[in-house]
Amino acid sequence: MSEALVAIEKLNVSYPGATVSAHVLDSVDITIGHGEAVGLVGESGSGKSTVAFALLGLLADDADVSAGRAAFDGRENVFATKEAEALRGTEIAMVFQDPMSALNPLFTIGTQLIDIQRRRFPNERRSQLWARAERVLAEVGMPDAPRRMRAYPHEFSGGMRQRVVIAMALLVEPKLLIADEPTTALDATVEAQVVEALRRLRRRTRSSMLVVSHSMGLIAELCDSVVVMYAGTVVESGPVKAVLRKPLHPYTRALLACEIDPYADFDPEQELATIPGIVPDPARRPSGCIFAARCTESHARCSEPPPHRQVEAGHRFSCWQDASR
Ligand SMILES: Nc1ncnc2c1ncn2[C@@H]1O[C@H](COP(=O)(O)OP(=O)(O)O)[C@@H](O)[C@H]1O
Ligand SMILES: [Mg+2]
């Protein structure tokens, strides 16, 4: 199948304000191929969750949404509509930052892993659903899965709970799995385990994935492609390898400079870089390049909207700077 699973073009989202409305997403394009994992990266407030929520039909009621195209699996005008709600929990599953929000404290994990499958496999017996749940729980790295099926959420650590939530998402056998900051609430050791569970999942299923994270490191571990967002705008996108090898937008370079290298020896003297300045107010977006005010390489012409350039297959960026610089 050549047509992508997800094709979003020119997605705009704004929220009404007291005087001016806040333009939170500005002409965002995102394509996710069948079986492809796409990472969405950017600082807090850049609009990543808004993209994820728009795909899930979960935006606030007062959100003003428009899109040039919003197709899912060959169907047009799906996202940000009532139709997206019908896909949730069947063709699209999600893993959020806080695993507790997805779990009911009153029921055992086994019961919840069975309930999640009922919409998908309405004619199967409980014993079949139980067996599948147990198998998938083991697959995401849950030790002693058969016994754990009878435990309650509070008996699990944060990382174990997130594995349960990933198992829940897997049991739906979705065409698209959306994970919004799946490891942000976890400490580093547990994070590595959850990343491993997601990697295992990628090897096993043909599901496409959208992984939302502020960490390029996490995205590099899990994804084929990356979309870099800044203040509601896509500034760069392309295959992970190409973007890491040659980040073309100054914002992508600044973001990478802020990352802790997970493979380097820990150096307590080394200070973590931060990008100076603040993200523009969505109600007062500049007319030119959105990053110009914080860019160390900006010029006079950056007061005009930058061109969209494509350098090699699928590697695009929006900047006045030349890629061959
Ligand atoms: N319901 C809402 N009403 C008004 N503004 C919102 C609403 N939800 C999100 N925003 C704004 O949208 C911007 C992007 O938020 P978000 O998508 O959560 O960013 P991220 O996930 O990248 O941290 C922020 O400026 C946030 O304040
Ligand atoms: Mg978010």
| request: Would you look at the GNM of the chain, springs on alpha carbons closer than 10 Å, and say which of H23, H315, H299 moves the most? | output: H299
| message | With only alpha-carbon pairs counted, each pair once and no self-pairs, how large is the Kirkwood hydrodynamic radius of region 117-217 in angstroms? | response | 14.2 Å
| Going through the DSSP H helices of the chain, which span 15 Å or more along their own axis at the Cα atoms while scoring at least 1.0 as a mean Kyte-Doolittle hydropathy? | 158-171
| At a 1.4 Å probe, what is the % contribution of carbon and sulfur to the accessible area of the chain? | 52 percent
| field | Choice from P16, P105, P122 showing the highest fluctuation, given a GNM over the chain with Cα pairs closer than 10 Å | value | P122
| query | Of R148, R204, R253, which is the most mobile in a GNM of the chain whose springs link Cα atoms less than 10 angstrom apart? | reply | R204
| request: May I ask you to work out the translational diffusion coefficient for the chain at 37 °C, viscosity 0.692 mPa s, via Stokes-Einstein with Rh from the Kirkwood sum over Cα pairs, reported in whole µm²/s? | output: 157 µm²/s
| task | With the cut-off at 19 Å, report for region 1-124 the share of all Cα pairs above it, as a whole percent. | result | 56 percent
| said: I want the local charge near R69. Using Cβ-Cβ distances under 15 Å, sum +1 for each Lys or Arg and -1 for each Asp or Glu among the other residues. | reply: -4
| query | Rounded to the nearest 500 deg cm²/dmol, what is the calculated helix-only ellipticity per residue at 222 nm for the chain, with -39500 (n - 2.57) per DSSP H run of length n ≥ 4? | reply | -8000 deg cm²/dmol
| field | Accessible area, probe 1.4 Å, largest first, for residues R75, R126, R245 | value | R245, R126, R75
| said: Please give the charge dipole size of region 25-89, origin at the Cα centre, charges +1 on K and R Cβ atoms and -1 on D and E Cβ atoms. Round to the nearest 20 debye. | reply: 180 debye
| note | Filtered hits (aspartates and glutamates, Cα-Cα < 15 Å from K175, offset >= 8 within chain) -> E3, E36, D73, E85, E91
| task | Multiply the residue gap between A131 and V311 by 0.36 nm, knock off their C-alpha separation, and tell me the result in nm, one decimal place. | result | 59.9 nm
| query | So what is Rg over Rh here for region 125-171, counting just Cα atoms and using Kirkwood for Rh? | reply | 0.94
| Mean-position separation - Cα centroids, region 1-75 and region 78-133, in angstrom | 23 Å
| query | FRET efficiency for L106 and D281, Cβ-Cβ distance as r, R0 = 41 Å, nearest 0.05? | reply | 0.45
| said: To check you understand DSSP bridge types, tell me what percent of the beta bridges within region 1-125 (both residues inside) are antiparallel, rounded to 5. | reply: 95 percent
| said: Give me the net charge for the shell around S46: Cβ to Cβ below 14 angstrom, other residues only, Lys and Arg +1, Asp and Glu -1. | reply: -3
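The values are calculated or read from the model by the stated rules, or taken from the named source; none is laboratory data. Just so you know, these numbers come straight off a predicted model, no measurement behind them. No Cβ is skipped: glycine too gets one built from the backbone with ideal geometry, and neighbour counts run over all protein chains shown. Accessible surface areas use protein heavy atoms only, side chains included; no ligands, DNA or RNA. Shrake-Rupley method; radii C 1.70, N 1.55, O 1.52, S 1.80 Å.
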